[in-house]
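Data block below; observations after.
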Amino acid sequence: MAVLYGTKVGMTRVFDGDQVVPVTVIECTPNEVVQVKTKDHDGADALKVAVGARKKNTSKAVAGEFKKAGVELRSFLKEVPVQGEAKAGAKLTVSLLDAAKLCNIIGWNKGRGFAGVMKRHNFSGHKATHGTMGHRTPGSVGCRMDPGKTFKGQRMAGRFGSEQTTIKNLKIVSIDAEKNLVIVKGAIPGPNGGLIAITQN
Amino acid sequence: MDLLAHVAQSSLRKEALGAFAVGDTVNVHTRIKEGDKERVQVFNGTVIAKSRGQGPINATFTVRRVVAGEGVERIFPSHSPKVVQVEVVRKGAVRRAKLYYLRDRVGKATKVKELMVNEAVAPAAK
């Protein structure tokens, strides 16, 4: 299983024969191995990799991890399965996906803040005119004396978005090893510049 | 934007479609599939807009014609492989980049004045 982190660059289109293909471009600058975890020592075999562009502030404790591996500061440390060369300082590149035709994309969708029920749960809302006082209000949330309470799970306004979202079986259109690009067909979650994980079974 | 342009680069048209401007009357040749046969269809009309889009790959142009009293507009992606050729039938003399005002006109008023180039003065323009 290959797991590679990258950032969403944006969408464009390419022509495949006569067909237009909507594509999303993901830039995967080489994920650098910071630490090799072993089953004996850490409980599981895994790699700790540095991903993303450099963050503004890195604590000295975290910066020490990068320094030990001889890797430049990056914004995230992520754990991935053992793949490629398992050695601190090794680089995981898009070549891991060379043989793949399909991939899964894990992203974090756009945050919408505290959203009302119409946006968050696709409620219909109420009339705009004819004396209506509430236009986007949820309406009733329960019954009367019996059951005398609002049932759990009642859909209401609240924080919406910024959730992990997985898109399965996206077609890989092409891979550009020179520029570290993975080009997949269709849309993926999150804003341009957002962190994305590409996995392949 | 640079990386997006880089990805779309290979899909851009290799040879230019030929020079045509807003206001020109053109024949647009497109390849269409009927069953398993392929043939070239020609759409004749006035170019009323050219859109640059977000990045060159998304550029389009709009051609308008009036069929049986009903306005018909087609938007062609400039880089679509299905658009084979754009043939200029008549050059138009216009002063705007978008000729959306033609939509409100009926009959003879929908015509764009022909651009007359004085070849003795400006031979290079042809």
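The values are calculated or read from the model by the stated rules, or taken from the named source; none is laboratory data. Small disclaimer: the values here were computed from a predicted structure and weren't measured. In this analysis, Cβ positions are derived from the backbone assuming ideal geometry, glycine residues included, and neighbour counts consider all displayed protein chains. The accessibility values were calculated without ligands, DNA or RNA, using every heavy atom of the protein model including side chains. Shrake-Rupley method; radii C 1.70, N 1.55, O 1.52, S 1.80 Å.
Mind checking which residues of segment A:80-96 are surrounded by 14 or more Cβ atoms within 10 Å (Cβ to Cβ), out of contact with any helix residue (DSSP H, G or I) (no Cβ under 8 Å at 6 or more places or on another chain) and without any contact (Cβ under 8 Å) to a residue 60 or more places away in the chain? Residues satisfying the conditions are A:Val82, A:Ala86, A:Ala90.
So, B:His79, is that one in contact with a strand residue (DSSP E or B) (Cβ under 8 Å, 6 or more places away or on another chain), open to solvent by less than 70 Å² (accessible area, probe 1.4 Å) and assigned to a strand (DSSP E or B) or not? Judged against the criteria, B:His79 is not a match. Being part of a loop (DSSP other than H, G, I, E, B) and more than 30 Å from A:Phe15 (Cα to Cα) is a description that does not apply to A:Lys179. Pairs meeting the criteria (first residue in segment A:1-23 and more than 10 Å from chain B (Cβ to nearest Cβ), second residue open to solvent by 20 Å² or more (accessible area, probe 1.4 Å) and hydrophobic (A, V, I, L, M, F, W, C), beta carbons under 7 Å, at least 6 apart or on different chains) are A:Ala2/A:Leu96; A:Leu4/A:Leu96; A:Tyr5/A:Leu195; A:Thr7/A:Leu195; A:Pro22/A:Met11.
Report whether or not B:Val7 is surrounded by 14 or more Cβ atoms within 10 Å (Cβ to Cβ), at pLDDT below 95 and part of a loop (DSSP other than H, G, I, E, B).
Taking the combined requirement at face value, the residue does not satisfy it.
Within segment B:72-91, residues that are away from chain A (no Cβ under 13 Å) reach partners that are open to solvent by 70 Å² or more (accessible area, probe 1.4 Å) with beta carbons closer than 7 Å, at six or more positions or on different chains, in the pairs B:Val72/B:Arg65; B:Arg90/B:Glu114; B:Lys91/B:Glu114; B:Lys91/B:Leu115. Being in contact (Cβ under 8 Å) with a residue 24 or more places away in the chain and within 14 Å of another protein chain (Cβ to nearest Cβ) is a description that does not apply to A:Ile167. The residue list B:Ile32, B:Ile57 contains one member that is within 14 Å of chain A (Cβ to nearest Cβ), in contact (Cβ under 8 Å) with a residue 12 or more places away in the chain and surrounded by fewer than 16 Cβ atoms within 10 Å (Cβ to Cβ), which is B:Ile32.
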